[in-house]
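Trainee: Sharing a structure here in structure tokens format.
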6 protein chains.
Amino acid sequence: MHIRIINPNSTASMTRQALERALVVKNADTQVSAVNPLDTPLSIEGGADEAMAVPGLLSEIIKGEALGVDAYIIACFDDPGLHAAREVARGPVLGICQAAVQVAMTISRRFSVITTLPRSVPIIEELVSAYGADRHCRKVRSINLPVLSLEESPVEAEALLLREIERSTLEDGAEAVILGCAGMSTLCDRLTEVSGVPVIDGVTAAMKLAEALVVAGYTTSKVNSYNYPREKSAGCVVCA
Amino acid sequence: MHIRIINPNSTASMTRQALERALVVKNADTQVSAVNPLDTPLSIEGGADEAMAVPGLLSEIIKGEALGVDAYIIACFDDPGLHAAREVARGPVLGICQAAVQVAMTISRRFSVITTLPRSVPIIEELVSAYGADRHCRKVRSINLPVLSLEESPVEAEALLLREIERSTLEDGAEAVILGCAGMSTLCDRLTEVSGVPVIDGVTAAMKLAEALVVAGYTTSKVNSYNYPREKSAGCVVCA
Amino acid sequence: MHIRIINPNSTASMTRQALERALVVKNADTQVSAVNPLDTPLSIEGGADEAMAVPGLLSEIIKGEALGVDAYIIACFDDPGLHAAREVARGPVLGICQAAVQVAMTISRRFSVITTLPRSVPIIEELVSAYGADRHCRKVRSINLPVLSLEESPVEAEALLLREIERSTLEDGAEAVILGCAGMSTLCDRLTEVSGVPVIDGVTAAMKLAEALVVAGYTTSKVNSYNYPREKSAGCVVCA
Amino acid sequence: MHIRIINPNSTASMTRQALERALVVKNADTQVSAVNPLDTPLSIEGGADEAMAVPGLLSEIIKGEALGVDAYIIACFDDPGLHAAREVARGPVLGICQAAVQVAMTISRRFSVITTLPRSVPIIEELVSAYGADRHCRKVRSINLPVLSLEESPVEAEALLLREIERSTLEDGAEAVILGCAGMSTLCDRLTEVSGVPVIDGVTAAMKLAEALVVAGYTTSKVNSYNYPREKSAGCVVCA
Amino acid sequence: MHIRIINPNSTASMTRQALERALVVKNADTQVSAVNPLDTPLSIEGGADEAMAVPGLLSEIIKGEALGVDAYIIACFDDPGLHAAREVARGPVLGICQAAVQVAMTISRRFSVITTLPRSVPIIEELVSAYGADRHCRKVRSINLPVLSLEESPVEAEALLLREIERSTLEDGAEAVILGCAGMSTLCDRLTEVSGVPVIDGVTAAMKLAEALVVAGYTTSKVNSYNYPREKSAGCVVCA
Amino acid sequence: MHIRIINPNSTASMTRQALERALVVKNADTQVSAVNPLDTPLSIEGGADEAMAVPGLLSEIIKGEALGVDAYIIACFDDPGLHAAREVARGPVLGICQAAVQVAMTISRRFSVITTLPRSVPIIEELVSAYGADRHCRKVRSINLPVLSLEESPVEAEALLLREIERSTLEDGAEAVILGCAGMSTLCDRLTEVSGVPVIDGVTAAMKLAEALVVAGYTTSKVNSYNYPREKSAGCVVCA
């Protein structure tokens, strides 16, 4: 089984970080690869960044289809291009936000999400709602730190995350916490240990759910809305 | 006041059609222009088509900002890139789906939407829900005709639309009907007349709401999520 | 085009204030008039006040219909009698709450509302929900000042509003603020300027949307629930 | 204990019918009276009829308060003026729609409502939703018969109701049916018997819930939104 | 009329307390009995406690059916086994949470709930939502005191409840408060008096609604989901 | 890794069928066991059957905990006792309904569920809603066949299922179908093949998700509501 992680931004160190996390949790016989487009924003912080990243992301899926990739993970917590990607891929496509929400709904009754910048809060609220967790999600919080600062100031990031995890349990009544950025993946184990609260990382969640779906034989439904894009006489960009 | 219509697909005849409709309903002192990217899908039929169209759409907004455009209309009923476009623009950005839904909620209590292909039905359902019309919208219907066939087979298209309008009132209890594709704009007056039901066209709705917002002095809030994209040291695509 | 503003309470100074605001934002060729019933409560502060104001409001619409008025604005933030008024009028009827909500949903992702008395908070919450903005509206706040004190103590009112606007952004994450009372209309520009947050006034919003709908040719749907009241053999009050 | 039924329309025969039904189900020591305003529409068929009936309804409550009435029932299925009435009354005020919905949610998991005219369907849908029964209510149906025809054509009315009850179980999966008009009260027992489905009448439901609340000592909360209308220096209509 | 209160836990003093409360509010000609299973948890604090209590609860209903009991009240605020009980009983089965919520929605627009332990908060939130009061319920609060401590430390319990009632009005804007545990029943009158806020006790509410339903002739619908359990060739536990 | 399937009913052939399905899809190094209580109903058809099955189910989990079981699957589509089980178990507990819904939301945008008896339809609707799939689930359908007849009349069952799958796509616009009974597990592959629609079986889904969660190191949150049941001085049933 070949699972491909696509980091939609063009910061290679984040791609590597996601891959490292996936290698830790993957099954022995799973092949994992991780790629990122070269011409997308350095980080995804809002809807415009998302939009500029999606065509490159879809190109990576088309390449993956040629290679026989079995499932894809979009390693950005905004799940950019998730529905589009599912139209282009044969196998399952996992968003790390949706995967983390599904895990959180299984191991707790109430959770909070902690992301980087305040501007992403409404975006994530909409996603959480679309994934059916309106009632389960107590609050989407932010540490007010840009994505790239997670790598540059890891100590500060961890301290800020711990403070918000504490607030999540005390003020929100959260029973689990989701890390709302792929760049926080490597922190999840330590945060769980220190805080005593289950801390869910989307890359981990998506990696395991992807393997689960592939072994079970589930592929993306091609009945109606996730069917392959229709070919037009010209101007067809992703269906060629 | 300068309002720019952006047709996100690359079919120039659809761009012209939207412009013609806008010219009919605009105020005397409003300047309207209409553009389309050259490298996007010929029609938007699903999420992948949407995704491939948005970067070109954002480029057109960046060009418009340099020209001092006061408001933008995205002339595709899926409202592709709407939130991203609002981050990039100073003035209001109207989606024709959202505009049509707002009009329908003002002149009726219950409405149905009629679109082209069945694969767009779930996409439009999600939009209608995001715009707060879950209860007001009885049903999203389709005539099972590709977008480009609206121009190629106008007689068939009109007949199919009339049949679905009739079903909307009889089966759904709809009190108004929204045309779920920019390519249906020019049909709305005749369909209203023949059916006796208010038929709402999104281009018309968005054009008038855009003028309304501009005269009232409303611009897109730059407080938090619709703020301009953050500049990164490199890789910044739309903020340069 | 003739647009009539109906202030449902009987405080003429509030009627004049709404008219003044409308005159500032109207199109050059729009005729605006403003009226109020003489026998309704001096201010609308709760459901009973609303109920006592609506028959007088409907009478004004019936008079307006005889004059050929093209659209009506109900200048009270509780939108009293909105659905009833739409049954009686041929053209569109705008509520200032619904209009403000539609503007807020177009120029921001999250907003708060600031009204006068706490007793109106649940009423406005229900309206906001009915207009589909449950998720977009962060909070309905109040300054705990009676409606008529807005005119009597304008300095205090403005200070209280500024404080709540600040709380809306800091505590609620609001990206825009709606003024929840027609009597606050004249303050909106200064509040926007001072706070740096888009402050939306319902009279302004409704005035511009009314013009937009009339030019576009939209009238209230007479299919089903907004149809004219049925005439009964006797006792028919508004249909005669 | 004195419970007063207020029929908000001015058709005395409907008032008598509601009283008769209440007399059948009341406790031995409950005093019931029934009144109707004299200057309201002959029947309530839509929002304008409702609006014209509410001031007369509130006057009846003010008269009742002077007499020491313990609870009120608004005997019209649209629950017109319910919130306003609660502001004016000390004791509980029951709407027959809300009462019927509460009973239906207690004795079944899924129900349908059958009303008179199609124009009332969206109104009742909004009420059912406001009372929290969105998921429990399968469908609001109509027999397309004006309210006053229920008395004039009782045989036809009963046949139409039976047909819709049957459809409710077969097509909707309804487990109970609510009669959506006060004028259908006297039919409920026979319809239950003939159809084998629990048929709920709002007058019955409201009568028994009113007695229940009064004995339990519950009165309308005067904390915040149901507090008595504020007195203004002049123009106070219902608070005098 | 015979109404049976079933306390699903096995603490007899709590059963007596519920009975005493019911005796205070019942109609003169109503017979009330109260029972509890002997082999269930001493208190219900979470889902596992609930689950272990339900078979004993259903046994009590089966015994009650043999005696001709007319209606049942499940005297635990989590409404454990409510739907199951309705399948087994002919007459209505009232949950004290659902009953309290229905009363709160009738006498106020916004309420809060105060329960014992934080672990019950999500359970009660789900119930409140299932009963349609998502919007009406401001907050589910807890005093962080185990159920059995209500009897052991009544002074402390009352002080904690008063503090949370005050917070409910000040912070939540609650207009009424529901006591979220059967063990708080006897406190409701004094808490109402001291706080000035209507305080609703579920045992009281359920007792009066049960009488109301029985007199009105309503029984549990046996059409579809509340029908008696199907008999199987063997292993039938409650239908024998 | 040891995963235990608990069939809450006492029909051993259904336990074997679930085990067989699990053996087909499990990872090589996963140990699977399947048990059922001996004193529970032969099949779960409604809430009372559920309630009678849960204590036996919890006992099996307590036994499993002593053995070091890593995760549990409740092999009944009503997910009986799911929340209670999570309080008792250290590792994750999967319900086959929740697992199937999560898979369906990942590989399609719209799905329908097909269950056995109509009486289970509202129960499943509530579950689907609790799992956040209100909008994704088009319809819960039934084939009107008792659970035990799935084994007795497999040919009829398959034909009925195929007919409902066809209706799901044609009438509901479903893009995937969930089999709403553990007893249908072995049919899923053939139904997928014959219908061309992805057919999701909950046992398969839960088995794979359970493995995924265990490898990722996720256990049930013991913060707040899923914490172990509190020990009482006596009467403690599951915590001993």
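Trainee: Given label points at 7 Å from Cα along Cα→Cβ, what nm distances, shortest first, separate E:S13 from the same residue in every other copy?
Mentor: Label point to label point, same position, other copies: 5.3, 6.3, 6.4, 6.4, 8.6 nm.
Trainee: Something else about it: Pull up all non-local amide H partners of D:C137: gap of 5 or more, or a different chain, and H-to-H distance under 5 Å with H placed in the peptide plane.
Mentor: Amide H to amide H, under 5 Å and 5 or more residues apart or across chains, D:C137 pairs with D:F111.
Trainee: Between A:L170 and E:R167, what FRET efficiency comes out of the Förster formula 1/(1 + (r/R0)^6) with R0 = 22 Å and r the beta carbon distance, rounded to 0.05? Walk me through the numbers before you get to the answer.
Mentor: Details: r = 16 Å, r/R0 = 0.72.
Approximately 0.90, to the nearest 0.05.
Trainee: Moving on. Would you mind ranking C:L145, B:L161, E:L23 by Cβ crowding within 10 Å, fewest neighbours first?
Mentor: Ascending number of Cβ neighbours within 10 Å: E:L23, C:L145, B:L161.
Trainee: For the range A:97-201, calculate the relative contact order in percent as a whole number, restricting contacts to Cα pairs under 8 Å that are 6 or more residues apart. Kindly include the intermediate steps, with their values, before the conclusion.
Mentor: Working: 168 pairs, mean separation 35.6, N = 105.
Averaging sequence separation for qualifying contacts and normalising by length gives 34 percent for the range A:97-201.
Trainee: Show the residues, 5+ positions off or on another chain, whose built amide H is closer than 5 Å to the amide H of C:S142.
Mentor: Amide H to amide H, under 5 Å and 5 or more residues apart or across chains, C:S142 pairs with C:T115.
Trainee: Taking every residue in D:106-119, how many Cβ atoms of other protein chains lie within 10 Å of its Cβ, on average?
Mentor: On the way: counts 17, 11, 10, 14, 8, 1, 0, 0, 0, 0, 0, 4, 5, 11.
Other-chain Cβ atoms within 10 Å of each residue's Cβ, averaged: 6.
Trainee: Follow-up question, since we're still on this one. Each residue of the range F:43-56 in turn: what ³J(HN,Hα) in whole Hz from Karplus with 6.51, -1.76, 1.60 and θ = phi - 60°, glycine and Pro shown as x?
Mentor: 8, 9, 10, x, x, 5, 4, 3, 4, 6, 8, 6, x, x
Trainee: State, to one decimal in nm and shortest first, how far the label point of E:A159 sits from each corresponding label point in the other identical copies (label point: 7 angstrom along Cα-to-Cβ).
Mentor: 3.9, 3.9, 7.3, 7.4, 8.3
Trainee: From the C-alpha gyration tensor of chain E, pull out the three semi-axes of the equivalent ellipsoid (sqrt of 5λ each), sorted largest to smallest, in whole Å. Provide the component values of the computation, followed by the final result.
Mentor: Working: eigenvalues 167, 67, 60 Å².
After scaling each eigenvalue by five and taking roots: 29, 18, 17 Å.
Trainee: Also, I was wondering about something else. Give the shape of the protein assembly as shown as rounded, prolate or oblate, defined through the alpha-carbon gyration tensor: a ≥ b ≥ c are the square roots of its eigenvalues, a/c under 1.5 means rounded, and otherwise the shape is prolate if a/b is larger than b/c and oblate if not. Could the numbers behind the result be given before it?
Mentor: On the way: a/c = 1.45, a/b = 1.00, b/c = 1.45.
It comes out rounded by the Cα gyration axes.
Trainee: Which residue, C:A174, C:A104, C:A28, tops the fluctuation ranking in a GNM of chain C built on C-alpha contacts under 10 Å?
Mentor: Among C:A174, C:A104, C:A28, the largest GNM mean-square fluctuation belongs to C:A28.
Trainee: Give me the angle, in degrees from 0 to 90, between the Cα long axis of helix F:12-25 and the longest principal axis of the Cα atoms of chain F, rounded to the nearest 10.
Mentor: 80
Trainee: Measuring from the axis that superposes chain F on chain A, report the chain F residue with the minimal C-beta distance, rounded to whole Å.
Mentor: Minimum Cβ distance to the axis, with residue: F:G132, 1.
Trainee: Can you tell which of E:G95, E:G183, E:G132 shows the greatest fluctuation in a Gaussian network model of chain E with Cα springs below 10 Å?
Mentor: Evaluated over chain E, the most mobile residue of the options is E:G132.
Trainee: For the protein assembly as shown, what is the calculated [θ] at 222 nm in deg cm²/dmol (nearest 500), taking -39500 (n - 2.57) for each run of four or more DSSP H residues and dividing by its residue count? Intermediate results must be reported in sequence, preceding the final value.
Mentor: Numbers: 54 runs with 653 residues, N = 1440.
The per-residue figure over the protein assembly as shown is -14000 deg cm²/dmol.
Trainee: For chain A, compute the number of Lys pairs whose alpha carbons are separated by less than 21 Å, excluding pairs fewer than 8 positions apart on the same chain.
Mentor: Numbers: A:K26/A:K208; A:K63/A:K222; A:K63/A:K232; A:K222/A:K232.
For chain A, qualifying lysine pairs total 4.
Trainee: OK, next. Output wanted: per-residue J couplings in Hz (rounded whole) for the range B:57-74, from phi through Karplus 6.51 cos²θ - 1.76 cosθ + 1.60, θ = phi - 60°, x for Gly and Pro.
Mentor: Per residue, the Karplus-derived 3J(HN,Hα) values read 4, 5, 4, 5, 5, 4, 4, x, 4, 5, 8, x, 4, 8, 7, 10, 10, 8 Hz.
Trainee: Other chains near F:164-171: what is the mean number of their Cβ atoms within 10 Å of each residue's Cβ? Each step should come with its number before you reach the end.
Mentor: On the way: counts 0, 0, 0, 0, 1, 2, 0, 0.
The mean count of partner-chain Cβ atoms within 10 Å per residue comes to 0.
Trainee: Also, quick follow-up: Step through the residues of the range B:104-119 one at a time and calculate ³J(HN,Hα) from phi using the Karplus curve (6.51 cos²θ - 1.76 cosθ + 1.60, θ = phi - 60°), rounding each to whole Hz and writing x for Gly and Pro.
Mentor: Each residue's phi maps through the Karplus curve to give 4, 6, 8, 10, 8, 9, 9, 9, 10, 10, 10, 10, 7, 9, x, 5 Hz.
Trainee: Please compute one quarter of the surface area of the Cα convex hull for the range B:97-201 and express it in square nanometres. Before the final figure, lay out each step's value.
Mentor: Details: hull surface 22.3 nm².
Result: a mean projected hull area of 5.6 nm².
Trainee: Rounded if a/c is under 1.5, else prolate if a/b is larger than b/c, else oblate: which is the range B:33-130, with a ≥ b ≥ c the root eigenvalues of its Cα gyration tensor?
Mentor: oblate
Trainee: In whole angstrom, note down how far apart the Cα centers of the range D:43-84 and the range B:41-77 are.
Mentor: That distance is 53 Å.
Trainee: What is chain D's relative contact order, in percent, from Cα pairs under 8 angstrom and six or more apart in sequence?
Mentor: Working: 492 pairs, mean separation 56.1, N = 240.
Over chain D, the number comes to 23 percent.
Trainee: Separation of the range E:112-176 and the range D:14-40 by C-alpha centroid, Å?
Mentor: Each part reduced to its Cα centre gives a spacing of 38 Å.
Trainee: Continuing with the same structure: What FRET efficiency, computed as 1/(1 + (r/R0)^6) with R0 = 51 Å and r the Cβ-Cβ distance, is obtained for A:Q31 and B:L67, rounded to the nearest 0.05? Don't skip to the end; give the middle numbers.
Mentor: Numbers: r = 50 Å, r/R0 = 0.99.
For A:Q31 and B:L67, the calculated efficiency is 0.50.
Trainee: Turning to a different aspect of this structure: When the label point is put 7 Å from the Cα of D:N144 along its Cα-to-beta-carbon vector, which residues of the range B:90-123 have a backbone N closer than 13 Å?
Mentor: In the range B:90-123, the label zone of D:N144 (backbone N under 13 Å from the point 7 Å along Cα→Cβ) covers no residue.
Trainee: Could you work out, residue by residue across B:120-127, how many beta carbons of other chains sit within 10 Å of that residue's beta carbon, and then give the average as an integer? Could you put the intermediate results ahead of the total?
Mentor: Details: counts 2, 5, 12, 3, 0, 5, 5, 0.
The mean count of partner-chain Cβ atoms within 10 Å per residue comes to 4.
Trainee: List the distances, in nm to one decimal, from the label point of E:M1 to the label points of the same position in every other copy, shortest first, placing each label point 7 Å from Cα along the Cα-to-Cβ direction.
Mentor: List, nearest first: 0.9, 5.7, 6.0, 6.0, 6.4 nm.
Trainee: Another one. Rounding to the nearest 10 and keeping the result within 0 to 90°, find how far the Cα-based axis of helix E:121-130 lies from the longest principal axis of chain E.
Mentor: 60
Just so you know, all these numbers are worked out from the coordinates, no wet-lab data involved. Here the structure is a predicted model, which is why all the values come from computation and not from measurement. Because the Cβ atoms are built from the backbone with ideal geometry, glycine has one as well, and the counts that use them run over all protein chains shown.
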